[in-house]
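To keep things clear, I will list the structure first and then write my remarks on it.
The values are calculated or read from the model by the stated rules, or taken from the named source; none is laboratory data. Keep in mind that this is a model prediction, so the values were computed, not measured. Methodologically, a virtual Cβ is constructed for each residue, glycine included, from the backbone with ideal geometry; neighbour enumeration extends over all protein chains shown. The protein model used for the area step is the full one, side chains on, heavy atoms only, and it has no ligands, DNA or RNA in it. Shrake-Rupley method; radii C 1.70, N 1.55, O 1.52, S 1.80 Å.
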Amino acid sequence: MAPDRDNPLLDACLEEVLAGRSPPDLTARIVQAHAAGRIVDPSVLPTQLPGPPVDRLMAVVPPPVIAGANGQPVVELAPSRALARRKSAARQWQSMLVAASVIGLGLVIGLAWYASRDPQVAKNTPKRGQPTVPTVASNGKSARPIAPQPDKVAAPPDKPQPALVEVTPNPRSAPSIDRPQVATNDKPPMPTVSPVEPVVPAPPYRQPATDAEVISFVNASLSAAWSASEVTPAPAATDAEWCRRLFIRVLGRIPTVEELKAFAADRSKEKREKLVERLLSDDNYALEYSQHWATVWNNVLVGRTGGRGDSLASRDGLEQYLRQSLARNKPYDRIVSELLTATGSGRPGAPDYNGATNFMLAGLNQDATLATARVSRVFLGHQLQCAQCHNHPTQDWSQQQFWALNSFLRQMHVERAGGAAKLVNVDFGGQGRGSTDGEVFYETPTGLLKTAFPAFLDGTEIPHSGELAEVDRRAELARFVLASPQFPRALVNRVWSHFFGYGFTRPVDDMGPPGSGSHPELLDRLADEFAARRYDLKSMIRWVALSDAFGRSSKIASLRSKDMPEAGEVALFSRYYTRQFGAEEAYNSLVQAARIRKTAANSSDVEKARVDWLAQFNRPMGTDDADEESHFSGGIGQSLIMMNGDLMRHAASSEHAGLLASVTTSKLKFDEKVGHLFLAALS
């Protein structure tokens, strides 16, 4: 609208009322009204006129317009109209003052609130050479702090200033692998890190449930399975039964007489919870715990005969690494990451000794096919060895998947240094002539030669380059393994099998597709909770040891029970399944019962005796395994060695300063001596 030169305030008020809208063209109506001599009294309020507000305002007939001396229109105002207009303008001015006051007060309040807020960090993409915005690295590692820039707004004295961190440059790094950053010419150097307290980001795990909640879920799931299968669970085991089996499964030996009596004398309701916690946390059991589980994992990783004789690996070196890791309660995902990516010498005493290398060294046969099968079987619960030569006959694994996984392990090389094998990382150009893509060739059953590049089992690929400077294939493999949903499931299934003799699947290291097995929901929940606990092995042991299934008797309620895994049926865990001692458990129990450790000259003699005694289970007995009679003879030969060997003679002799000697020379009554020997030998 054109401004009114005679009264700009009126025009401003009209603009306020019209809110920027153009008024309707009322020229015809005005001319018609003027011609008819229509007079509208200015005292009549617009609200008394019909029509919408704008129309009512414009219904007042304007005064006649005449031409001025300069050609501009001049409005003639009657005295009464001018007075009314000035009053209306005054009222409009007062309204504007009130509105301005309200708006000003709102601005003051808003500015005061804005100044009191915590300083906000801009989320714009940083320019080259500037530090990145505060965030957490996607791989879950702690981000590195950098010094705050001087142009940032400082936080108020009473407000902590938000820390600035830097994103990990390589998004494909394994979560538990520290990889050095290589400076290049096209990237700015990393800012110098001042020695400040490191910033610990929020863990990428969900909030875990409590131990009581997990155990309650385990018991409810098993109870529902028993009801659905119409299985009557066995009665509860006695305290003595439960105590004995707990010591065997957690420490690899039977309890002493003193340990058993102390547990039986405890009258508290939480006696079992306290004993489990004591075996897992008490310093008096730390050595036994780490040594027992190191032996268990050593057998899983390389087998009973791996790392012996002419093998590149050192069995003792791997067991030493596992024992030290378990004694520090190192998370399971970190242990696996180190086993998959380690470099160095595997033999203890070497300058660059790294016991974790022995897992790969033990599997470095031709083309690392053995290592490929072990990685999938142990850490993912999938047996791929059949797919090496052809597609898997019963599961959906292809030959291409096997060799694509195998190509992750081609950047390894073994060097000999001082009689010890040393594992190093090298570039792998590929098997093609003059190639640098790192391809692997394999032959199909039909004789067709095919090419495989690194790709995980789910089909995810990485760059094809075989140069370490561009991609570390073993580090990428570790990242894929640790991110796989099968990773925690495979561990849960294996630990459960260690306690009960049967896992949720048969075999325990061939789990099949998701949802298979006897208790898929229970397996998934335990795997989820294990990951939420940051892969704490002791938490998993605690849940199984305190479950209702582990606390049941081994008595069979009915011969027609459907819970008979010994007969090939699915294990429902309605009772505790009896089984014979393992070799290490038998040895540790004999040593404990006879108190040989307390009477030996030194610890090296005890360890030598242990190695010599266990060696009989790791060497052939000179029989043909295919011949049942010869195999049975070999079993008898092993039994004869156990019954008549030096260890048994020492344990059963009263001439040595052992248990028998102390009992026979004691002042106990005859029946008390028999009871003491019974508890010491059988618990």
Count - residues of segment 308-359 that are open to solvent by 30 Å² or more (accessible area, probe 1.4 Å) and under 20 Å from residue 536 (Cβ atoms): 8
Of all residues in segment 498-507, which are in contact with a Phe, Trp or Tyr (Cβ under 8 Å, 6 or more places away or on another chain) and surrounded by 18 or more Cβ atoms within 10 Å (Cβ to Cβ)? 499, 500, 502, 503, 504
Sort out which residues of segment 340-392 are hydroxyl-bearing (Ser, Thr, Tyr) and assigned to a helix (DSSP H, G or I), and write them in order of number. 341, 357, 369, 372, 376
Where a residue in segment 417-430 is among the basic types (Lys, Arg) and its partner, wherever it lies, is in a strand (DSSP E or B), with Cβ under 8 Å and at least six apart: 422/344; 422/345; 422/414; 422/415; 422/416
State whether the residues of segment 401-414 include one that is over 22 Å from residue 303 (Cβ atoms), open to solvent by 10 Å² or more (accessible area, probe 1.4 Å) and part of a strand (DSSP E or B). yes
Counting only residues in segment 529-571 that are within 22 Å of residue 490 (Cβ to Cβ) and of a type in the set (Val, Ile, Thr), the one surrounded by the fewest Cβ atoms within 10 Å (Cβ to Cβ) is identified as 570
Give the residues of segment 438-460 that are touching a strand residue (DSSP E or B) at 6+ places or on another chain (Cβ under 9 Å), surrounded by fewer than 16 Cβ atoms within 10 Å (Cβ to Cβ), in contact (Cβ under 8 Å) with a residue 24 or more places away in the chain and of a type outside the set (S, T, N, Q), sorted by residue number. 450
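Matching residues to (1) in a loop (DSSP other than H, G, I, E, B); (2) under 30 Å from residue 537 (Cβ atoms):
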| position | (1), (2) |
| --- | --- |
| 457 | yes, yes |
| 463 | yes, no |
| 474 | no, yes |
| 477 | no, yes |
| 488 | no, yes |
| 491 | no, yes |
| 503 | yes, yes |
Out of the residues in segment 529-558 meeting the condition of being of a type in the set (A, V, I, L, M) and part of a loop (DSSP other than H, G, I, E, B), tell me which one is modelled with the lowest pLDDT. 557
Where in segment 206-303 are there helices (runs of 4 or more DSSP H), lying fully within it, with 3 or more residues that are over 28 Å from residue 314 (Cα atoms), among the hydrophobic types (A, V, I, L, M, F, W, C) and open to solvent by 20 Å² or more (accessible area, probe 1.4 Å)? 211-228, 257-265
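Every residue in segment 508-528 that is within 20 Å of residue 223 (Cα to Cα) and either part of a loop (DSSP other than H, G, I, E, B) or open to solvent by less than 10 Å² (accessible area, probe 1.4 Å) (or both), please.
Listed by number, the residues that qualify are 515, 516, 517, 518, 519, 522, 523, 526, 527.
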